[in-house]
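Each remark here refers to the structure printed beneath this line.
What follows is calculated from the coordinates using simple rules that are stated; it is not laboratory data. Treat the numbers as computed from the prediction; the structure is a model and nothing was measured. For neighbour counting, all protein chains shown are included, and Cβ atoms are generated from backbone atoms with ideal geometry for every residue, glycine included.
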Amino acid sequence: MSTATTLDVDTAWETAVEDAPVAVHSAAGLVAVAGADGTCWILDTTTGDIVATVTLPGGILAAQLSPDGAHLALGGPFGHATWSRATNTTLISKTGNWSAAVRWGGNDKVAVASGRRALVLAADGEQLWATDPAPSTVTDVAWLRENRRLATTAYNGVRCYERHSARPVTEYGYLGSHLALAIAPTGRWICSGNQDASIHIWRTLPQPSAGGTPIGGDLTMHGYPDKIARLAFDDTGYWLASDGAPDITVWDFSGKGPEGTRPRTLRAHETVTALAWRPGGAGILASAGAEGTLALWRATRGRAGARLRPAHTRELDQPVTALAWAGPDLLVTADWEGRVHASRLPAALPR
Amino acid sequence: MTTDTTDLPENETEVGDALDTRVPVTVLTGFLGSGKTTLLNRILTEQHGLRIAVIENEFGEVGIDDALVLDAEEEIFEMNNGCICCTVRGDLIRILGALMRRRERFDRIVIETTGLAEPAPVAQTFFMDDEIASQLRLDAIVTLVDAAHIRAHLDEVKPEGVENEAVEQIAFADRIVLNKTDLVDHQTLAEVVARIRAVNALADILPAQQAAVDLPRILDVHAFDLDRVLETDPQFLTETEHQHDTTVTSVGIDLEGELDEDRLNTWLGTLLRERGTDIFRSKGILALEGAERQYVFQGVHMLLDGEMGRQWGIGEPRRNRLVFIGRNLDRDELNAGFAACLTATPAAVTA
Ligand SMILES: [Zn+2]
């Protein structure tokens, strides 16, 4: 059990949007706050002022800014959209397909889940290539190998694609409905969160054999009470945080990985609504719960199996539905009522 | 909480403790031409002023401005416990999940399924996904039946291992709207009712023309609420005459006495584990030895939901009533198995 040392957290700015936010994402001095009904507000991270609004008719499920902040991609229940900052124009694709994940692979291309396929679009929205249909609606997408390889999750596993082939170049199979995907920045691990309340883990190294079949065993973390819908690696790729229980679990992926180890558990919430690692890899995690608590953690302290207490908590009137770090010293949260709050942390955190 | 294991589940809250504010969900099943669209339009028109979301599997002619209509393509997912009866509807999980993230609150959700859709995965979704179960309440499965054509559908011989969908939809129903009664004579109607009763002795049968059914009989009926289980005290429990020409039947058990909890757990657990695929639905009110309250349960296949119910009255005979609806049920074996769970010294049986 670690002792809690309080973090100093100041309010940088506050603003409000007219919807229930479903996604917050920040890049290059901008923060995108996407509302469930279909409007995405783009704010200046310094002032909180609204720079632009982008609309995807029918609702938004996912939003992400390109790393240079020049473009925004949106996914929704009936299609997807891309926005250009330079021209303040939006290209809307009413595909009729469910798009619950968008992920930039550098500044020039973005992967968009679209029904049972994933599409790769140029920054201006033009389609570059598409995967063949997965066995179910694609739930999440992620890039690996310097953004040359695209991984998708759907029913019965993770599939990896490259530009030259609509068919998967590698498949990581595991029965069940995979909901979320996290790939270690080290490239060594692919993890999926499953409807059956487990995390499934594949090793990507050593390199695939000639046949494309991954070498090395896979691993399943069972025992969660709920489905795993959120999981995230920190920037080092050594730590994986996930929901699936009132307690957030943090697995140690350094060395040989988490096999046979116990996770650190973080107790502050009844149901986890959002979690995100602070950029830079210092082991600071932000999380929010349906009960209205916002918590900051030194999530990698203590021993394996330790139950950690938050380094900072704040009780809010309404639960935070989405949060994101806008750099290492600014945390942006959005609550159910549309209040957007930016908290400033000291650049040098006490260890 | 729901469970897939042998121990009797027990909720922390007791029946009627708190006001249930979850949004009710009605599942409409029935073959094409049975009048589903007519009924759906009736619900949307007559429930004017309520915010209703409709999730439909086939493009219907729903055209009401007040309703949000979403299309779903059936995505049935097996869970990783290796059991073929434990399936959920992935499409419903994501669509309902997205609906709940909207700021707009719906008064009611109607899920319309195709004539060929299996009802079990729809119902099991509400048992197996905690996020959905915490915010939405499965109210009832309403099956529309065309009085003129249902016998032909029921008699249709299916290949080995393929279930007759019409039989399944009747077996899973809480309410059966027997539509188009004006198109058949009295004799035929009586035969149709007898056929339906032989499959499902629990459901209310509501005769109708042009799907004109009293909406309070099918909406907000709390058919899946434990405190409503068997509240109507169905007559069939004492019936002994049953048609034996169908493989899907209802078996009712009504025995006085108290139950040995360990033996009951073993018997019910084994039964649902080994025969869960064949047992479509189950409901019961039981007297556990020494318990001041009734134990109330219901299940879909091997998933069981149960809790302590109302207090037994002073001098009220301890009585056990349960019903199984399923395929190839052996009435004598079920009776004997259950009777063996009674404590050695049964309470006095009233003549
Ligand atoms: Zn099962």
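Starting from the Cα gyration tensor of chain A, take the square roots of the eigenvalues, sort them a ≥ b ≥ c, and report rounded, prolate or oblate (rounded when a/c is under 1.5, otherwise prolate if a/b is larger than b/c, else oblate). It is oblate, given that a/c is not under 1.5 and a/b is not larger than b/c. Loop-located trypsin sites (Lys or Arg not before Pro) in segment A:304-339 (DSSP state not H, G, I, E or B) with no more than 12 neighbouring Cβ atoms inside 10 Å do not occur. Placing pseudo-labels 7 Å out from each Cα toward the beta carbon at residue A:16 and residue B:335 gives an inter-label distance of 6.7 nm. Considering only Cα atoms, the convex hull volume of segment B:23-224 works out to 117 Å³ per residue.
Does segment A:64-160 come out rounded, prolate or oblate by the C-alpha gyration tensor, with a ≥ b ≥ c the root eigenvalues, rounded set by a/c under 1.5 and, if not, prolate when a/b is larger than b/c and oblate if not? Taking the square roots of the gyration eigenvalues as a ≥ b ≥ c, segment A:64-160 is oblate. Note on chain B: Cα-Cα pairs beyond 33 Å make up 27% of the total pair count.
For a test of the definition: using alpha carbon positions, the gyration tensor, and the 1.5 limit on a/c, classify segment B:177-228 as rounded, prolate or oblate. Oblate is the answer for segment B:177-228, as a/c is 1.5 or above yet b/c matches or exceeds a/b.
For the Cα atoms of chain B, what angle does the longest principal axis make with the long axis of helix B:119-128, in degrees from 0 to 90, nearest 10? On a 0 to 90 degree scale, this one is about 70.
Partnerless cysteines in chain B, where a partner means another cysteine C-beta under 4.7 angstrom, comprise B:85, B:341. Show me the GluC sites (Glu not before Pro) within segment B:158-226 that DSSP assigns to loop and that have at most 12 other Cβ atoms within 10 Å of their Cβ. For GluC sites (Glu not before Pro) across segment B:158-226 that sit outside H, G, I, E and B with at most 12 neighbouring Cβ atoms in 10 Å, the list reads B:160. Rg/Rh for segment B:248-339 (Cα atoms only, Rh after Kirkwood) is 0.96.
Ignoring everything except DSSP H segments at least 4 long, calculate the 222 nm mean residue ellipticity for chain B; use -39,500 (n - 2.57) per segment, divide by total residues, nearest 500.
Details: 9 runs with 90 residues, N = 351.
Result for chain B: -7500 deg cm²/dmol, rounded to the nearest 500.
Sequence-distant contacts, meaning Cα pairs under 8 Å at least 6 residues apart, place the relative contact order of chain B at 20 percent. Kirkwood radius, the protein assembly as shown, all distinct C-alpha pairs, inverse of mean reciprocal distance: 27.3 Å.
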